[in-house]
């Protein structure tokens, strides 16, 4: 199965948040009651009502000031830890669409424990609705894609940061873009391209953008969080290999 | 825009100054990034490091309000290092013109200044003419009285050190920007400048843009692909609104609004129609009588031209009718009624407390808007006692743009037809219907009761509806214009009702009508604005011209002044991105600025800047109210007592008012920080549409103030805490954003802190969103346009 993939080119993202709003509009997700807490990032985090979030971070790379943006979303892993961890509890509460490869949370996720599902995600994506207990995340706009349309976030992106298509085409596009940027940005990289269907192109070390850009083996902060959970006697998180 | 959105991709360098397109014109960044992909350099000059700066190859900070120092420095740098495009400067600009002996400049003042009137007698700012009445020129550019030498002397003061001292921009950053952008001065390169309100909302706003024009003409960047002076408009149709005569000083198509001293059409034509004695100057405005006649006939087809002209309202000579002046008169009780139509002055206008007080002095106000807003509800706003306010407010709900059919003219002058989307909600109506019905009522009242000056009401052509509903197609046909009488032009005879094919065929004798000459050709045998055809010739494809997609004024010309993109023989200076090219007997590519052959044809050729009487780009611009060359002045509120260029601290001709609401702070320890206002992607204008859009409000929920980490440390501010921002005119609360994206400036040897606030919030909704930034701004304006200085003023910021 080759399926579909996103290519998210951070070198072109201007944090206009068109993707964040388009996602909410298509999914008819309610606005959260937010406040300005000293950052432009709002809502502050992903939630059951916010499946796509542009993260803003002021940082320094090699002494140079950078303002980095990270349009965060589910990566739609080829072998998805959330599904692998939850299938033994409720089979197919989390399904994988055979045509596109989209990983989709169903209503059956209300029978799952978020403390099982969220920690195994290398990207810290799953969220639960506090009332219905159903879990939510990006579903690749499967309804749109099945109708031959682009995901809402991709359709609305004005700069070409968000791209979507057949996996081999998208990977080729990503590789070409990386090649074009590499001379000027020696640290540029495609993140977890072999394992996920939302492939990010970063210009700077991943930790500069956000704690959960790359899978755990390269992101020690995530690992320690999971170790802590294991120590508390919860379900031992499945380690990806 | 001289150019258009797609054309940004053709630039070798993009200077973004006084605008933040990544945030405020997000789609434009598609083209900025295409230019970057092709090797173009993106330069951002701004007081703050914004989302735009993240994509810039070079970012240079400057203190709000010091732009003219920066641009003056760039002009000096280009001249001092001989980086200008000499052939272009000699052949296409007025650099070679000889200026009269009486013109002088000394210590910040041009000749002819009258201190009492705060105005110039501009008669000394004129050129020397020969016996035929043609301006004398020195193509060698060596005559000490030629514009080029005067300009060189004028900007000699603007050296990098002084510019750095006053702007707060490090010298190294200045040089990086100057070097990079001046690199487009070679014939084969082009650079574009993208600006917005950050450049215009100053008491030197017009001269800021003039200074950019000087840079672009020195570098040969006007008329070429990837060049130009490009105003990024702040509303989807603000270009269209000024085209259609929204401003007090112009009728549709930028015809001057008549003053009382021009009581008849003959006088108007004699006094406003420029004359050139140079046979090689097209002097396009010599056609003005045709355009005003066609406009009068569109309004009053049944009247003789003189009678129709007599119907037009006349301005009192010398009186300013711009926004700030109108609200000053209102504040003094000078108006009974007010239509606030599609606007929210209580939040959008400078010095909002004054505006809100002014609204309370009216007998009535009609607010036409989508939602409840700070203007319609001013009487129950903060500090107001409804029992003491007599103003009767009527609210007329109108429908939103996507619910109605009609055209929108974008920044690139493209008139784009839109079809109606969803049906209007409730009893809301299109603005066209509201004004259509309103006028029918007024006319009926006149018929019943009579009234002052009946003719203009009784005789106005109001044939813009079908079946009692406003018909945008009828209005568009009238704007295009048509023949009223049978007329033979050349070998073709036009019958009454035939659409005017283009403005060259409009007539001064009353045989044609056209509601707006620059839109003539937009609605002929078909609605040109509705075209969606991507066909291009291979030559047009090189620059993405798309001439069959919608329609652009004038006559579908996509890049104006394009005769300056070719050498005198008609060959493009930039063969890889040609705009037009002379094919021996005709032009190919874009629609040229007139059909004449290139300049090398000494008999039939014409100079490229056809809208200027002499036909040349104007380094020396004798028409402006504050001087023929842009000159540095501080904002009317500023943190310094002097600047390095003259002893004149402020623009001596700036628009100012007297009264209790007009206090200003200069070097005032109560208000030590420079403040600027701006927009964010998530909100639009005063936020009336976006604050009610939950997903947008969620992303930017509250008024904020951005402060540097240094200032936060100094004052003990914490992220997210409520701070009070106050000026000499008002105060508001704002959530604190502490950021590395603003750094303190060193200005004239002292540390100056800069802060910034958005202007999208208002007390009506949401209740915890904050109020308008304009509570803090002052009612002072540019002497040419009256635009308020809301981009640079002084505040204090303290813990609440």
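Each reported figure results from applying straightforward, stated rules to the coordinates on display, with no laboratory input. None of these values were measured; they are calculated from a predicted model. Every residue, glycine among them, receives a Cβ derived from its backbone with ideal geometry; neighbour counts consider all protein chains shown.
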At q = 0.23, 0.30 Å⁻¹, base-10 log of I(q)/I(0) for the range B:247-294 (Debye sum, equal scatterers on each alpha carbon): -0.87, -1.21
Cα gyration tensor shape of the range B:537-642, rounded if a/c is under 1.5, else prolate or oblate by comparing a/b with b/c: prolate
Three-way shape label, the range B:95-147, alpha-carbon gyration tensor, a/c 1.5: oblate
Relative contact order (%) - criterion: Cα under 8 Å, at least six apart; region: the range B:1-76: 27
Packing-based exposure ordering (other Cβ within 10 Å, fewest first) of A:117, B:464, B:163, A:89: A:89, B:464, A:117, B:163
Distance (nanometres) between label positions extended 7 Å along Cα→Cβ at residue B:156 and residue B:419: 6.5
Translational diffusion of the range B:1-141, µm² s⁻¹ [Kirkwood Rh, Cα pairs; Stokes-Einstein; 4 °C; 1.567 mPa s]: 69
Computed log₁₀ I(q)/I(0) - Debye formula, equal Cα scatterers, no solvent, the range B:583-644, q 0.13, 0.21 Å⁻¹: -0.58, -0.92
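Given R₀ = 25 Å, FRET efficiency for residue B:504-residue B:583 by Cβ-Cβ distance, to 0.05?
Details: r = 21 Å, r/R0 = 0.84.
Plugging the Cβ-Cβ distance into 1/(1 + (r/R0)^6) gives 0.75.
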Exposure proxy ranking, count of Cβ atoms within 10 Å, fewest first, for B:164, B:646: B:646, B:164
Mean-position separation - Cα centroids, the range B:679-736 and the range B:38-116, in angstrom: 33
Efficiency of FRET between residue B:495 and residue B:287 - r from beta-carbon atoms, R0 25 angstrom, step 0.05: 0.60
Normalised per residue, the volume of the convex hull around the Cα set of the range B:670-800 (Å³): 121
Shielding by other protein chains, A:56-63, mean Cβ within 10 Å: 1
Three semi-axes of the equivalent ellipsoid, the range B:89-236, Cα gyration tensor, whole Å, largest first: 27, 22, 18
Fraction of alpha-carbon pairs over 48 Å apart in the protein assembly as shown - percent: 30
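Let me check against my output: what whole-number percent is the relative contact order of chain B, with C-alpha pairs under 8 Å and at least 6 apart? Could you put the intermediate results ahead of the total?
Working: 1823 pairs, mean separation 133.4, N = 800.
Answer for chain B is 17 percent.
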Global form of the range B:234-326, assessed from the alpha-carbon gyration tensor, a/c cut-off 1.5: rounded
Relative packing of peptides B:326-333, B:30-37 - highest average C-beta neighbours within 10 Å first: B:30-37, B:326-333
In Å, descending, principal axis extents of the Cα set of the range B:424-527: 50, 37, 22
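I'd like to know how the range A:53-193 sits against the 2.2 N^0.38 Å rule of thumb: what's its Cα Rg over that expected value?
1.20
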Sorted by Cβ density within 10 Å, fewest first, the residues B:585, B:567: B:585, B:567
Alpha-carbon spread of the range B:192-254, three principal axes, descending order, Å: 34, 28, 20
Pair residue B:571, residue B:403: separation of 7 Å Cα→Cβ label points (nm): 5.9
Estimated distance in nm for a label pair at residue A:65 and residue B:445, the labels positioned 7 Å out from Cα along Cα-to-Cβ: 5.7
Inter-chain shielding of B:734-741 (mean C-beta neighbours from other protein chains, 10 Å cut-off): 4
Per-bin percent of Cα-Cα distances, chain B [10 Å]: 2, 12, 23, 27, 22, 11, 2, 0, 0
